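Read-outs throughout are calculated quantities, based only on the coordinates presented, and are distinct from any laboratory measurement. Because the structure is predicted, anything quoted here is derived from the model rather than measured. Cβ placement follows ideal geometry from the backbone for every residue including glycine, while neighbour counts extend to all protein chains displayed.
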There are 2 protein chains.
Amino acid sequence: MGGTNLRAAVIDETGALIDRVEGRTNLAAGPEAVMDDIARSILELRGRCGGQLAGIGVAVPGIIEMQKGVVRESPNLPGFCDIPVRDEIERRIQAPVHLENDANAAALGEKWAGAGRAVDDLVLLTLGTGIGGGIIYGGKILHGFVGMAGELGHIQVVPNGNPCACGGHGCLEKHASATAVTLMARLLGLGENLTSEQVYHLARDGNAHARVVFATMGKALGVAIADLVNIFNFPLYLLSGGVLAAWEFFAPAMFEEVRRSSYVFRNSDTRIGKAELGKDAGLYGAARLPLTA
Amino acid sequence: MGGTNLRAAVIDETGALIDRVEGRTNLAAGPEAVMDDIARSILELRGRCGGQLAGIGVAVPGIIEMQKGVVRESPNLPGFCDIPVRDEIERRIQAPVHLENDANAAALGEKWAGAGRAVDDLVLLTLGTGIGGGIIYGGKILHGFVGMAGELGHIQVVPNGNPCACGGHGCLEKHASATAVTLMARLLGLGENLTSEQVYHLARDGNAHARVVFATMGKALGVAIADLVNIFNFPLYLLSGGVLAAWEFFAPAMFEEVRRSSYVFRNSDTRIGKAELGKDAGLYGAARLPLTA
């Protein structure tokens, strides 16, 4: 479940995607109607596909209380405030459901079927409207004690930087998300409401200001990744999301900052790379949940 | 093994300390002589104590390659550069040895026999000459892929802040260690080479500058802890080391910063508290290594 689209898929135990359905997330109709749509998608796919059902996973963009299966709140899903999504969907489809945060699910998906197949430990950063994070340790999602771990978009990279809705200042997602790219582009006179893709095209056409935007964003990202490398010493850090397209313009500044700031990076064979599954990562991760929980 | 003292202990499987020996770390004599001293301490304790030997753990302040049992380098142990400490001690005592970073061992010790007994997941920050870190997840040390995880003293809290030997700028240990307290005290005109304990006494006597030192240090610590809470969502974050004595003066600024900057902290029952075992934490952790590895 995303803020804009609902997508569901049947994925087999080898990680092959067998069938899928897509639709809009009708948030205006309220949480009950959205959960009806989710249940309908699942039931439709069950009707279409044979085989034995290993389980059902649902990924949502929001803060989740794992044990209760409750969406505490979600900036991208207005109306989903203390909603027992797991139980509500279970009731509708009469089968057990695993509920997970979307960035956590995406990280698990990349580990299972994407760019993280070769490792057991990785960190994924999703560079979208906001910045989400997922931590895979020993092949499983690191949840923390109520399920709020991996809030990597709120690592502070610029103290006394841009204020964030979370209460902090200078959070990573205020300086390296698609939203931050749009804001910087406006401040540097490139135009109003440019998407990060539009800013990328300007950079590719040689626009110096657009390149400064990505160099600045890359440095902020590098500060956070250096912290993560120093904390985890994992072999792999993956990036995904819309801003990833501009890799050629932000990656140099990112690597320079990580190399400068992280002794651990300089002294171990750490890889920072692109995620592979795009928007489908969450589908694969959700499908994998029943097999790793 | 510390930079100044060598300490060894016999600890039973219930976590009771049975016997101990202490001596100086004779770094001037070189690594071979220091490892001779370590082996002699272990053999002396084995001679004095009965019972069955479950295993031997050795904790050292430095960067370790876990699989090889090698001390890559150690700022506090000049001369220990690419030294195969594990194998060298094993050869001397003819028994298997578990080698571990001292902050990791201290974290494990606090989990086993100290302030972390009630939880399975915690982070320890040791506020000494530098700042070390240990991460316990599921009751075990989180090592990362070559054993360098937990370099928490190098989380960046002040971008473009004080340069650090690691290559970064504004690392936590440049702003919240005992060394940082001494430096700030000098800059604020309190005196040359004051220990953090002396600065603490000034603060307790009402000296406003000394209180500013700890408020500044507490805020820097709060930035790093907020990051860690957002990343891990663990139930417990422990502080130890010499600066801990000044808790009453740095803790308010620390808590204010964590509360302000971490949505996860505000919305979960997260505890930040004092470690209990002091300098013995590493002894307990080292003793626990053979039982958790």
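Failed condition for residue A:254, given (1) buried (at least 24 other Cβ atoms within 10 Å of the Cβ); (2) in contact with a helix residue (DSSP H, G or I) (Cβ under 6 Å, 6 or more places away or on another chain); (3) farther than 28 Å from residue B:147 by Cα; (4) among the hydrophobic types (A, V, I, L, M, F, W, C), with all others met?
Unmet for residue A:254, out of (1) buried (at least 24 other Cβ atoms within 10 Å of the Cβ); (2) in contact with a helix residue (DSSP H, G or I) (Cβ under 6 Å, 6 or more places away or on another chain); (3) farther than 28 Å from residue B:147 by Cα; (4) among the hydrophobic types (A, V, I, L, M, F, W, C): (3).
Would you mind stating whether residue B:212 is buried (at least 24 other Cβ atoms within 10 Å of the Cβ), in contact with a Leu (Cβ under 7 Å, 6 or more places away or on another chain) and not basic (Lys, Arg)? Walk me through it before giving the result.
Values: buried (at least 24 other Cβ atoms within 10 Å of the Cβ): no; in contact with a Leu (Cβ under 7 Å, 6 or more places away or on another chain): yes; not basic (Lys, Arg): yes.
So residue B:212 fails the test.
Given the conditions (1) surrounded by fewer than 19 Cβ atoms within 10 Å (Cβ to Cβ); (2) touching a helix residue (DSSP H, G or I) at 6+ places or on another chain (Cβ under 8 Å); (3) not in a loop (DSSP other than H, G, I, E, B), report the number of the one that residue A:37 does not fulfil.
Tallying (1) surrounded by fewer than 19 Cβ atoms within 10 Å (Cβ to Cβ); (2) touching a helix residue (DSSP H, G or I) at 6+ places or on another chain (Cβ under 8 Å); (3) not in a loop (DSSP other than H, G, I, E, B), residue A:37 fails exactly one: (2).
Exactly one condition in (1) under 18 Å from residue B:75 (Cβ atoms); (2) more than 7 Å from every other protein chain (Cβ to nearest Cβ); (3) of a type in the set (A, V, I, L, M) is not met by residue B:136; state its number.
Of the numbered conditions (1) under 18 Å from residue B:75 (Cβ atoms); (2) more than 7 Å from every other protein chain (Cβ to nearest Cβ); (3) of a type in the set (A, V, I, L, M), the odd one out for residue B:136 is (1).
Please specify each residue of segment A:229-278 satisfying the condition of being more than 14 Å from chain B (Cβ to nearest Cβ) and acidic (Asp, Glu).
A:248, A:276
What number of residues within segment A:150-177 satisfy the criterion of being more than 9 Å from chain B (Cβ to nearest Cβ) and either polar (S, T, N, Q) or crowded, with 22+ Cβ neighbours inside 10 Å (or both)?
Counting residues in segment A:150-177 that are more than 9 Å from chain B (Cβ to nearest Cβ) and either polar (S, T, N, Q) or crowded, with 22+ Cβ neighbours inside 10 Å (or both) gives 8.
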